[in-house]
Every structure is written in structure tokens, then in C-alpha cells.
Amino acid sequence: MVERMIDAGAALAGLDPASLTAYGDRRGDDAATTAWRHRALAALTAVPFPDRVRHLWRYTDPERLLPRRLLQPSGPAPLAAALPAGPAVRLEPGREPRLNDAARSCGLVIAPLFADPADRELIGRAVPVDHGYFEAINAAAFGAGLTIRAPRGFGLAAPLRVVVAADAGADVLPRLLVIAEDGAALTVVEEHTGGGGGGCVIGVTEILIGANAEVRHVLVQRWADGQVGHLTQRARLERDARFFGATAGFGGAISKVDLGGLLAGEGARSELVGVALPEGRQHLDHHTLHQHLAARTWSHIDFKVAVAGRARSAYTGAIRIERDAPGSEAYQENRNLLLSDRARADTIPELEIHTDDVSCSHGATAAPIDPDQLFYLRSRGLSAPAARQLVVRGFVEPTLRQLPADLRAELENLVDARLARLREVG
Amino acid sequence: MNLPTNERLLSCRDLRVFVDDKEIVKGVDLEIRTGEKHALMGPNGSGKSTLAAALMGHPAYRVEGEILLRGEPIAGLSPDERARRGLFLGFQYPVAVPGVTVASFLRAALAARLGREVPVREFRQKMQAAFDVLEVPKNFTGRYLNDGFSGGEKKRLEVMQMLLLEPAVALLDETDSGLDIDALKIVSAGVNLAARAEMGLLLVTHYQRILDYVQPDIVHVFMGGRIVRTAGPELARELETRGYDWLADPAPTATARG
Ligand SMILES: Nc1ncnc2c1ncn2[C@@H]1O[C@H](COP(=O)(O)OP(=O)(O)O)[C@@H](O)[C@H]1O
Ligand SMILES: [Mg+2]
């Protein structure tokens, strides 16, 4: 344990108070931001390095996710990639967030993190600085930071797209704070792209949903081959708030994604759906957490994984129902389809229930494709790869169907593209 | 389909089917020609489904002997290649594929059979024509394939697929079982339509019920992995009154009853 901490310390060389101050100065951070970074650094020294024996890290080696070049000045900024149509923001290493006109005029307040002094009160509410080792690194050394705020009662149906570009040659630490004030509604599609071998992303997204407000958040991870990363997303829901989170995991070499909803206000409802399709030698590790902190809260999770080649998936799904959450309901389902003999999927449900008068259930399966299904489809002329593709598509279909219609097509296209590729590589 | 009349569509010679080392089908000779309706009748467990699945190329079976589809050997081909060449198996227990809609499945199957993309219009027309024969309700297309279907719905969808895909030869395994009388009539109409379209048909059954609606040209009795008798439609009526037992013995007259 001690040895590991020293290893990690060495790996993090450069993350000391002096260099952190210098980093902030270079970026032009204000005093409040710098102070927050230093508090995070202090927390980081107190947060133990993840222990492989502890459940959440049983399947992924944290050392593989350690950043190597923290606080280094970025290289020349990459050529500005085009922003998609509709409201969009692009976060790139070494650049200010870029907004398109639609984002500027959509009515959401979109600004660098800490530009509004109010951010200081809100940041860390859903993902505290000491949430975990990687979250503390992000808090101390985050690069591009962005606040997205839907003012009280304001509603925007069109999704705001946030494109976070990884970098094959550098560490990227994005940090998003999404705020829906009371009665507001917004949709954020957070898309992680780019990067490649040698790059590491450590991202944190906090979503604060006020009373009676609604947030839909789609997290798409489509890094280039070889990229590694750790993404944490937490939504905190106040009274009667609603959260719909969708995640799709496709890319990178090693990816750990931790998603969750904290149901802090009475009557809050959180639904998460996920699809992950690792292939080759990819390693995708997902956690979800639904923590019920208030009475009559509701949560639902449907997470589907199809593993091809020699890839590996781990899913840990935690439900915690606290003492003050009577009358709550929680459901969690994780199904895994193994597409080859060497594919592997682990699924670990963790249920912690501290009050009676709740309804909580879960289901978990891992199985290869049913050979009878393949024979049936092949007897109708479908080749073996086409039959497999159809079965996998069917496997994820009921999950994709839970996506609101306006968000579904894009994920369906990504899934279909991945399945077409699986069909070629076999 | 333009088949020369009286072409040999499906032939097999001394066909043997093994599961592991157990021989289940023990030397079958069969010849089905254009537009012929064959009934293969036999008690439960005699190996009828094994024969049908092996003809379709089920990977669980080891097969010895010859299988010719329109004169070409197919015993070494995959199930999908056999299907594309015009062999069809209506399953005794159609398999559910959750999440895959009937429409998307049928379109993929038709494209595979025709060896080309099928434009939506053409697909819809062909699908509707086949649905009409089987009196399948429109909302079928959006349902997941065989998922939560009643027995009768599954069997109707099997026969519907046969009409859509226009195979040269269809093997229908117990397509009559689990049907009420109305469904049986509808399914039989589909089968008769296929025969008029010159398909070769092998109706596998252990009841004679369907034969009230579909008149077979040739009836085979299948017992213990072998065809023990082949005759005209009168054999089916004889089986109805006498059962199978009198055929089980190598010297049938010795044990013949009533
Ligand atoms: N895949 C298999 N594995 C083991 N036994 C099998 C398999 N397929 C068929 N059999 C056996 O072969 C025999 C014939 O079965 P089947 O072909 O289903 O008969 P029928 O269709 O005439 O009722 C049965 O004893 C069955 O258990
Ligand atoms: Mg049978």
C-alpha cells in the first residue's frame, strides 16, 4: 500500500504546490480558482491510491490510468475542428472553450468554470474533491473547465453538444459543471473523441438538478485506439427533479467510467441506460451508483454489454438506499453478451439497503449467443457474421428504445457502425 | 419461379445423421420433385426433426451420405448457403430473437435469398402479399421475432416466410402442431399455394390432421431413423386407423391389427 502511494507520487511528479501555482498563473486563473486547486491538492495527498483488492478496482489497474505529463504546457493547439450544427461547445487542450453561434444564443449560460463566483459554492457538490484519487487529480489540475447553466424555469429542448477532444500526446483533464436551476430543463450530449496511444483523459462532470428541474445527459466515449481514460459523472437531484443519463462506450484501450445519481430530494427520479461494445483487446470498466437519500425516490438502470474478440468488460452496479429514503424504488439490470470464447464480462451488483419499505431488485446475466438463434437466422440465408450482427443489434435494441426519440438516432448510428466493424473483423 | 416440371429438387441417398457417435437417422433415401407434396410421418422421437435439421445443415450433426439440391451436392455447405440456393426449413420450434423486429428480419432474409438489396417498396409489397395469405395482422411487423408469439402465430410466420422466400424445396417440421382448426386451415392454404407454385414440399408430422387439408402425393412412414414404408395418400388414412405399431416389425403382417 505504502509502496503504491510512493509509486503514484513519483508518477505524479510535478504536482506540488509551487508548480500548481505556476500552472494557474500561466493560465491566468484568479485567486479563488488557485485556492480551490490547492485545497484539492491537499485532499489528493489524503486520498489513498486505489487499492486493487477493493471492489471498484478489482478489474482495472489504476496505474495504467495515471497521467504522465500533468501541468505541462500543451503543444501548439490543433487545427480548429468544425463544430457540429446546433448549439455546441468544443473543449480542446490548450484552448479556451469554443462556442458556436447557436450555443451563444441558445439561452444557456455557458462560461469557463469559476467565471461566475457562484460556481465556487456549487463545484464539488456532486463529485467532492476527495471522491476518489482520480477525481482529486482532476480537481487540482483540471484544464478546460466549463459551466453550463439553465436559469430558473428556462427550458431548452435542443441538446447542447460538448465535444471534448483528447490528445494522443498529452493528458487532458476536462471538468464540466452542469446546472439546471429550479424548474429548468436541458440536454447535454458530452462526446469524448480523438486521442490515441499515449493519451490519457481524466474527466469529471457534475450535474446539479434543482427542484422540479430535468436534465438529460448523454455520455459518448469514442476515443481513438490506444487512448486511456477515467470519466466520472454524478448527478445530484433535488426535490422532484428528473435525470435521464445515457452512456455509450466504444473506444480507447482502457476506459473506466463511473456514473451515478444522488437522489437527494423527495420524489426525485433517475434513469440510466448504457451500452458498451468493447472489441479487440479493449478493456472497458463501468460503475453505476444510485444513492437514494430522500423518501419516495425512484431509480432505474439498464446496462447492456456485448464483448467481442479478446476484449473485457467489468460492470459494477451499486444501489444504496439510505435510512431517510422510505418508499423508494430501485431497479438495476446488467446483461452481457459474449461474442467470442476469449471475451470476458464480469458483472457485480452491490445492493445496500438501510431502510424497510422499499422496492429494490436487480438482474445480471452473461452468456454467449444462443446457437439456436444463429441456426434459425442462417437457415433464412443470413451469413454467420450477419446473423451475429442481427442478434447483437437485437440485444441492445430494447435499451436503445428507452432513449428519447431525439437522442436515439445518433446512438443507433454509432452502434450500427461498430457492429458493421465487428462483422468485418469477425 | 420457373422450374422445369418434374425436376429432382431434393434427393438424398443413404443419409445417416449422428449426434456424437449415436446414429439417429439410419440411411434415408428420398427424392422430391417439382410441385410434389411428401408427407413424412412417424411417432415422436423417431428422428424426423433430426433429419430435417440435418438436411438444412444444423452444425450439431455429423452427416454421412449424399444430399443433392437440384442436382448439386450440398452436404458440405453451410445452412445459409443452402438457404440461398433454395432450401427452406419451417421449424418445429421457431426461435425467438428478441430485439429484432419481424420486418427487419424478413428484409434481411429476402435480401439474402435474392442476393441483392431489396428496395423498401418491393419488400413491403412482397411481405404484404405473404401476410395476406396467412391472415397475419399488420402489427406483426414491429414485434420482435417470435418473441412472446403464441404457437399458432409462430407457425403462421414460418409459412409466411416460405411464401416470401420462394424456396425450391421446403421442409415443414410439425407446422400443423399447436394450431387450432382455423389456423390449421390458413396454414394449409399457404402450403397448397406453395405447392401450386411448384415448390417441393416435405411435410413432417406425427398427426394426420393437416392431411385433411393438404393432400400429399407421397406418404413415407418414418420409424427408428428409417423410412419403413412409402406409398400414396391412402397410407395416411391407413395410419389413422391402424397407428404405427403394425409397421414397426420387420414382418408387418405378423403383428398387424384391426
Ligand atoms: N442435438 C441432439 N443431441 C442429443 N440427442 C439428440 C439431438 N437431436 C436429436 N436427438 C435425439 O434423437 C432422437 C430423435 O429426436 P427427433 O429428431 O426430435 O425426433 P422426432 O422429431 O421424430 O420427434 C431423440 O431421441 C433425441 O433425443
Ligand atoms: Mg420433431
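The values are calculated or read from the model by the stated rules, or taken from the named source; none is laboratory data. Source: prediction; values computed, not measured. Cβ coordinates were reconstructed from backbone atoms using ideal geometry, including for glycine residues, and neighbour counts include every protein chain displayed.
Considering (1) hydrophobic (A, V, I, L, M, F, W, C); (2) under 30 Å from A:Trp57 (Cβ atoms); (3) within 14 Å of chain B (Cβ to nearest Cβ); (4) not in a helix (DSSP H, G or I), the lone condition that A:Val415 does not fulfil carries the number (4).
Counting the residues of the range B:53-68 that are more than 12 Å from ligand 2 (Cβ to nearest atom) and in contact with a Phe, Trp or Tyr (Cβ under 9 Å, 6 or more places away or on another chain) gives 10.
Would you say B:Gly71 is farther than 28 Å from B:Asn192 by Cα and away from ligand 1 (no atom under 14 Å from the Cβ)? For B:Gly71, the condition - farther than 28 Å from B:Asn192 by Cα and away from ligand 1 (no atom under 14 Å from the Cβ) - is not met.
Out of all the residues in the range B:155-171, is one or more away from ligand 1 (no atom under 16 Å from the Cβ), away from every other protein chain (no Cβ under 14 Å), among the small types (Gly, Ala, Ser) and not in a loop (DSSP other than H, G, I, E, B)? Scanning the range B:155-171 turns up no residue that is away from ligand 1 (no atom under 16 Å from the Cβ), away from every other protein chain (no Cβ under 14 Å), among the small types (Gly, Ala, Ser) and not in a loop (DSSP other than H, G, I, E, B).
Between B:Phe131, B:Phe91, B:Phe140, the distinction of being within 11 Å of chain A (Cβ to nearest Cβ) and within 23 Å of A:Leu390 (Cα to Cα) belongs to B:Phe91 only.
For the range B:43-57, filtered to residues that are near ligand 1 (Cβ under 6 Å from one of its atoms) and in contact with a strand residue (DSSP E or B) (Cβ under 8 Å, 6 or more places away or on another chain), the residue that is farthest from B:Leu10 (Cα to Cα) is B:Ser46. Here's a check for you: in the range A:220-256, which residue that is crowded, with 23+ Cβ neighbours inside 10 Å and among the aliphatic types (A, V, I, L, M) is farthest from the chain's Cα centre (by Cα)? Across the range A:220-256, the extreme among qualifying residues is A:Ala241.
Of the set (1) within 15 Å of ligand 1 (Cβ to nearest atom); (2) in contact (Cβ under 8 Å) with a residue 60 or more places away in the chain; (3) assigned to a loop (DSSP other than H, G, I, E, B), all apply to B:Gly35 but (1).
I'd like to know if the range B:182-192 contains one or more residues that are more than 14 Å from every other protein chain (Cβ to nearest Cβ), within 16 Å of ligand 2 (Cβ to nearest atom) and touching a residue at least 40 places away in the same chain (Cβ under 8 Å). Scanning the range B:182-192 turns up no residue that is more than 14 Å from every other protein chain (Cβ to nearest Cβ), within 16 Å of ligand 2 (Cβ to nearest atom) and touching a residue at least 40 places away in the same chain (Cβ under 8 Å). For the range A:186-227, the set of residues classified as farther than 18 Å from A:Lys256 by Cβ and touching a helix residue (DSSP H, G or I) at 6+ places or on another chain (Cβ under 9 Å) consists of A:Thr187, A:Val189, A:Leu208, A:Arg216, A:Val218, listed by residue number.
Inclusion of B:Arg116 among residues that are exposed (fewer than 14 other Cβ atoms within 10 Å of the Cβ), within 14 Å of chain A (Cβ to nearest Cβ) and modelled with pLDDT of 95 or more is warranted.
Would you check if there is a residue in the range B:87-97 being crowded, with 18+ Cβ neighbours inside 10 Å, more than 16 Å from ligand 2 (Cβ to nearest atom), without any contact (Cβ under 8 Å) to a residue 40 or more places away in the chain and within 29 Å of B:Gly148 (Cα to Cα)? No, the conditions are met nowhere in the range B:87-97.
Of all residues in the range A:355-367, none are closer than 23 Å to B:Arg107 by Cβ and outside any loop (DSSP other than H, G, I, E, B).
Looking at the range B:29-62 only, could you name the residues that are within 14 Å of chain A (Cβ to nearest Cβ) and β-branched (Val, Ile, Thr)? Within the range B:29-62, just B:Thr50 meets the criteria.
Being farther than 17 Å from A:His283 by Cβ, touching a strand residue (DSSP E or B) at 6+ places or on another chain (Cβ under 7 Å) and not hydroxyl-bearing (Ser, Thr, Tyr) holds for only one residue in A:Arg312, A:Arg344, A:Arg320, and it is A:Arg320.
Filtered by the rule that a residue be closer than 15 Å to A:Thr60 by Cα and touching a residue at least 60 places away in the same chain (Cβ under 8 Å), the range A:279-328 gives A:His283, A:Asp285, A:His287, A:Arg312, A:Ala314, A:Thr316. The set of residues from the range A:14-28 being outside any helix (DSSP H, G or I) and over 17 Å from A:Ile137 (Cα atoms) comprises just one member, A:Gly28.
Yes or no, residue by residue, for (1) charged (D, E, K, R); (2) without any contact (Cβ under 8 Å) to a residue 60 or more places away in the chain:
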residue	(1), (2)
A:Leu208	no, no
A:Asn212	no, yes
A:Leu219	no, yes
A:Asp225	yes, yes
A:Arg239	yes, yes
A:Val273	no, no
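The residues listed here are A:Ala235, A:Ala158, A:Ala168, A:Ala211; of these, the one that is assigned to a loop (DSSP other than H, G, I, E, B) and within 23 Å of A:His292 (Cα to Cα) is A:Ala211. Give the residue that is nearest to B:Ala54 (Cα to Cα), with candidates limited to residues of the range B:81-138 that are within 16 Å of ligand 1 (Cβ to nearest atom) and not β-branched (Val, Ile, Thr). Among those that are within 16 Å of ligand 1 (Cβ to nearest atom) and not β-branched (Val, Ile, Thr), it is B:Leu89. Among residues of the range B:172-181 being more than 13 Å from every other protein chain (Cβ to nearest Cβ) and over 25 Å from B:Phe123 (Cβ atoms), the one that is nearest to ligand 2 (Cβ to nearest atom) is B:Glu174. Can we say B:Gly178 is within 16 Å of ligand 1 (Cβ to nearest atom), within 25 Å of B:Ala96 (Cβ to Cβ) and in contact with a Ser or Thr (Cβ under 9 Å, 6 or more places away or on another chain)? Taking the combined requirement at face value, the residue satisfies it. Taking the listed residues B:Ala183, B:Ala194, the one that is at pLDDT below 95 and closer than 24 Å to B:Leu68 by Cβ is B:Ala194, with no other qualifying.
Take the range A:346-372 and flag every residue that is surrounded by 15 or more Cβ atoms within 10 Å (Cβ to Cβ) and more than 14 Å from chain B (Cβ to nearest Cβ). A:Asp346, A:Thr347, A:Ile348, A:Pro349, A:Glu350, A:Ile353, A:Thr355, A:Val358, A:Cys360, A:His362, A:Ala364, A:Ala366 - these are the residues of the range A:346-372 that are surrounded by 15 or more Cβ atoms within 10 Å (Cβ to Cβ) and more than 14 Å from chain B (Cβ to nearest Cβ).
Residues in the range B:193-225 that are surrounded by fewer than 16 Cβ atoms within 10 Å (Cβ to Cβ), within 16 Å of ligand 1 (Cβ to nearest atom) and touching a residue at least 60 places away in the same chain (Cβ under 8 Å): 1 in all. Can you say whether A:Asp130 is among the charged types (D, E, K, R) and touching a Pro at 6+ places or on another chain (Cβ under 8 Å), as far as the supplied structure shows? In short, no. Could you grab me the full set of residues in the range B:15-52 that are among the polar types (S, T, N, Q) and near ligand 2 (Cβ under 9 Å from one of its atoms)? Selection gives B:Asn44, B:Ser46, B:Ser49, B:Thr50.
When the residues of the range B:63-83 are filtered to those that are more than 14 Å from every other protein chain (Cβ to nearest Cβ) and surrounded by 14 or more Cβ atoms within 10 Å (Cβ to Cβ), the one that is nearest to B:Gly27 (Cα to Cα) is B:Gly65.
The numbered conditions (1) within 16 Å of ligand 2 (Cβ to nearest atom); (2) touching a strand residue (DSSP E or B) at 6+ places or on another chain (Cβ under 7 Å); (3) more than 7 Å from chain A (Cβ to nearest Cβ) are all true for B:Val102 except (1).
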